[in-house]
Amino acid sequence: MRVVGIETVRRILCVFPRYTSSFGTFEYSYPLTDGVQAFMPPQGLLLIAAYLPAHWQVRFIDENIRPATTEDFEWAEAVLVSGMHIQRQQMNDICRRAHAFDLAAAIGGPSVSACPDYYPSFDYLHVGELGDATDDLITRLAHDPSRPERQVVLKTADRLDMTKFPIPAYELADIKRYFLASIQYSSGCPYQCEFCDIPGLYGRNPRLKTPRQITAELDRLLECGATGSVYFVDDNFIGNRKAAVDLLPHLVEWQKKTGYVMRLACEATLNIAKRPEILEKMREAFFVTIFCGIETPDPDALKAMQKDHNMMVPILEGVHTINRYGMEVVSGIIMGLDTDKPETGNALLAFVDESRIPLLTINLLQALPKTPLWNRLERDNRLIDDENRDSNVDFLLPYDHVVNSWRKCMEIAYQPEKLYARFQHQVDFTYANRLPLPASAQQRTWANIKRGLIMLRNIFWKVGVLGDYRKVFWKFALSRLRHGDIEGLISVTLIAHHLIMFARAASGGQQNASNYSLRLREASVPAE
Ligand code: SF4
């Protein structure tokens, strides 16, 4: 299906917009690293970059690392942009800058696919996944790269089979500057949680790459300098259980072959706890983290949001089962649900204590367009378009109560003593269950040792000497040092530092209560 017969050569500038501070981007950790500047390389834009005709010249700029310059725009013949709703203003800003150089600007990705009307100034809207719309866009740019007279909307009707996806153009990105490397095996999710836009955007029958594609992508990531962790960005790693079972032996083989240099992470529904055969293979493949959208410990709330599958095993039991296979659970939590009561915040804090989950992304409910939640709230006249609020939902509880409750939860859950106690529990009862790794030559490279030393220096100075929670830090650090666990010391400190600093800003009202909220984002939009 890939466009053939194109002879013209084009220069395409792919620009990924900045995202603002959020709980899940770990930017407070970056100063402790050896030069990390951004969270994850954008799969979508790098995929499109790889799909363009091989003889076209492509430049990729991630504005989280550096802004696109005058020289970049002067070089280009057209600009491609992709991103999520939270980057909407930044994407429109890139379009404005492209137009200042009279360049055609095209936008694709999840945000424009759900809400084309958010992007009135772009010349081309690419709605949907990689497919016939992409071929159409490429053909049009090959024919004439100048700006069309009016906006052209291209909608994918025929999606490209994922087995035909090229490897994303990781070589265009400075992979070492990212906190995590990313990879995608499947797209879509069979469930229909009320608040989620994934099934609507990507379908309920997950589409798949082949295991061979994944191991080839992992090889490419290694060649491009990835070290540390690779995150499977699949909406639900067990959305198609058979596919997960098919892939895992290949990952185990790949890890053995490459000396276990990568720690793996993914997102999956909590009912993965019912699949010991999958968990065992994940342990062997050295998966160390699973993000589970637990959302709430309240069964009535789970029922109301159509997330009953979270109750297939009691939640705490599910978390502990996953822990027994050496994997730490990261949990998504939502506050502001219709089922919330005045005491929900306290119940949530009790759950944090009981589950011993260190990292919970606690957000206020936000209605995303094209979700069942959006439709219901629209019908009930409960959507509020006000950028001064942290959510577009008219909560049943008073707004100030919900936001204050969120702030209190952030403040208490991420007190350094509490957070490090939860991490210590993970060290003792989760990490201890991990595969004992053979000391491989690939891990003991000079580059890895140097990287570790730089991070240790930064951690000891910025947290151990200058940090105001240094007492708590040293208690944990000395215990790790006594066990010779330098890697555990570094990885926990990086995450903990971000959580502590972010939560302080959040409880002080300087961070948004929702990853989707536009409040506080305006000031940080321009990349220049
Ligand atoms: S299980 Fe996760 S990805 Fe699937 S619909 Fe629910 S929230 Fe979305």
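Which of the GluC sites (Glu not before Pro) across region 341-421 are loop residues per DSSP, with 12 or fewer other Cβ within 10 Å?
Of the GluC sites (Glu not before Pro), the ones in loops of region 341-421 whose Cβ has at most 12 other Cβ atoms within 10 Å are GLU343, GLU387.
Pick out, in residue order, every one of the trypsin sites (Lys or Arg not before Pro) in region 338-381 that is DSSP loop and has at most 16 other C-beta atoms within 10 Å; say none if there are none.
LYS370
Divide by every residue of the chain the summed helix terms, -39500 (n - 2.57) for each DSSP H run of at least 4, and state the resulting mean residue ellipticity at 222 nm, rounded to the nearest 500 deg cm²/dmol.
Computed mean residue ellipticity for the chain: -12000 deg cm²/dmol.
Restricting to Cα pairs below 8 Å that are 6+ residues apart, what does the relative contact order work out to for the chain? Please round to a whole percent.
Computed over the chain, the figure is 15 percent.
Can you give the net charge of the other residues whose Cβ lies under 12 Å from the Cβ of ILE214, counting K and R as +1 and D and E as -1?
Details: positive: LYS209, ARG212, ARG220; negative: GLU217, ASP219, ASP234, ASP246, GLU253.
Once all neighbours under 12 Å are counted, the net charge is -2.
When DSSP beta bridges are limited to those with both residues in the chain, what percentage is antiparallel, rounded to the nearest 5?
Roughly 10 percent of the DSSP beta bridges within the chain come out antiparallel.
Can you compute the modelled spin-label distance between THR163 and GLN415, with each label point 7 Å from Cα toward Cβ, in nm?
Computed distance between label sites THR163 and GLN415 equals 5.6 nm.
Grab the Cα-Cα distance for SER121 and HIS250, subtract it from 0.36 nm times how many residues apart they are, and report the gain in nm with one decimal.
41.9 nm is the gain from fully extending SER121 to HIS250.
Of LYS242/LYS274; LYS256/LYS281; LYS164/LYS257; LYS408/LYS471, which pairs sit farther than 21 Å apart, going by alpha carbon to alpha carbon?
Cα-Cα > 21 Å for LYS164/LYS257; LYS408/LYS471; rest within.
To make sure I understand, if each residue's beta carbon is the centre and we count other beta carbons within 10 Å, what order do CYS224, CYS409 fall in, fewest to most?
So the ranking, lowest neighbour count to highest, is CYS224, CYS409.
Got a sec? How would LEU302, LEU466 order by Cβ neighbour count within 10 Å, fewest to most? If you can, show how the numbers build up before the last one.
Working: LEU302 22, LEU466 9.
Neighbour counts put them in this order, fewest first: LEU466, LEU302.
Enter the Cα centre distance for the pair region 362-425 and region 34-101, rounded to the nearest angstrom.
Value for the Cα centre distance between the two parts: 31 Å.
Hey, fewest Cβ within 10 Å first, where do HIS99, HIS483, HIS497 land in order?
Working: HIS99 17, HIS483 11, HIS497 23.
Fewest-to-most Cβ neighbours within 10 Å comes out as HIS483, HIS99, HIS497.
Considering the dipole of the chain built from charges on the beta carbon (Lys and Arg +1, Asp and Glu -1) around the Cα centre, which of GLN306, PRO358, CYS409 is farthest to its positive end?
My answer, from the dipole projection, is PRO358.
Enumerate by residue number the trypsin sites (Lys or Arg not before Pro) in region 423-457 meeting two conditions: DSSP loop (anything except H, G, I, E, B), and at most 10 other Cβ atoms within 10 Å of the site's Cβ.
Passing sites in region 423-457 are ARG444.
Quick one: Debye curve from the alpha-carbon atoms of region 301-347 only, equal weights, vacuum; give me log10 I(q)/I(0) at q = 0.15, 0.24 Å⁻¹ to two decimals.
Calculated log10 I(q)/I(0) at the listed q: -0.50, -1.01.
Dipole size in debye (nearest 20) for region 385-482 around its Cα centre, Lys and Arg Cβ +1, Asp and Glu Cβ -1?
Using Cβ point charges on Lys, Arg, Asp and Glu, region 385-482 gives about 1200 debye.
Quick one: length gained pulling ARG96 to HIS483 fully straight, 0.36 nm per residue minus the C-alpha distance?
133.9 nm
Taking only complete DSSP H runs, can you tell me which helices of the chain stretch 27 Å or more along their own long axis by Cα positions and average at least 1.0 on the Kyte-Doolittle scale?
Details: long enough: 486-507 (31 Å, 1.29).
Counting only whole DSSP H runs, the qualifying helices are 486-507.
Looking at the chain, which Cys residues are left with no other cysteine's beta carbon under 4.7 Å from theirs?
So far as the 4.7 Å Cβ criterion goes, CYS14, CYS95, CYS115, CYS189, CYS224, CYS266, CYS292, CYS409 stand without a partner in the chain.
Please give the contour-minus-distance gain from TRP474 to THR210: 0.36 nm per residue of separation, less the Cα-Cα distance, rounded to one decimal in nm.
Additional length available on full extension: 90.5 nm.
State, to one decimal in nm, how far the label point of HIS425 lies from the label point of ASP219, with both points 7 Å from Cα in the Cβ direction.
Taking the simple label geometry, HIS425 and ASP219 are separated by 4.3 nm.
Every read-out reported here was derived from the displayed coordinates using simple, explicitly stated rules and does not represent laboratory data. What you are looking at is a predicted structure, and each value in this text was computed from that prediction instead of being measured. Heads up, the Cβs are rebuilt from the backbone with ideal geometry, glycines too, and the neighbour counts pull from every protein chain shown.
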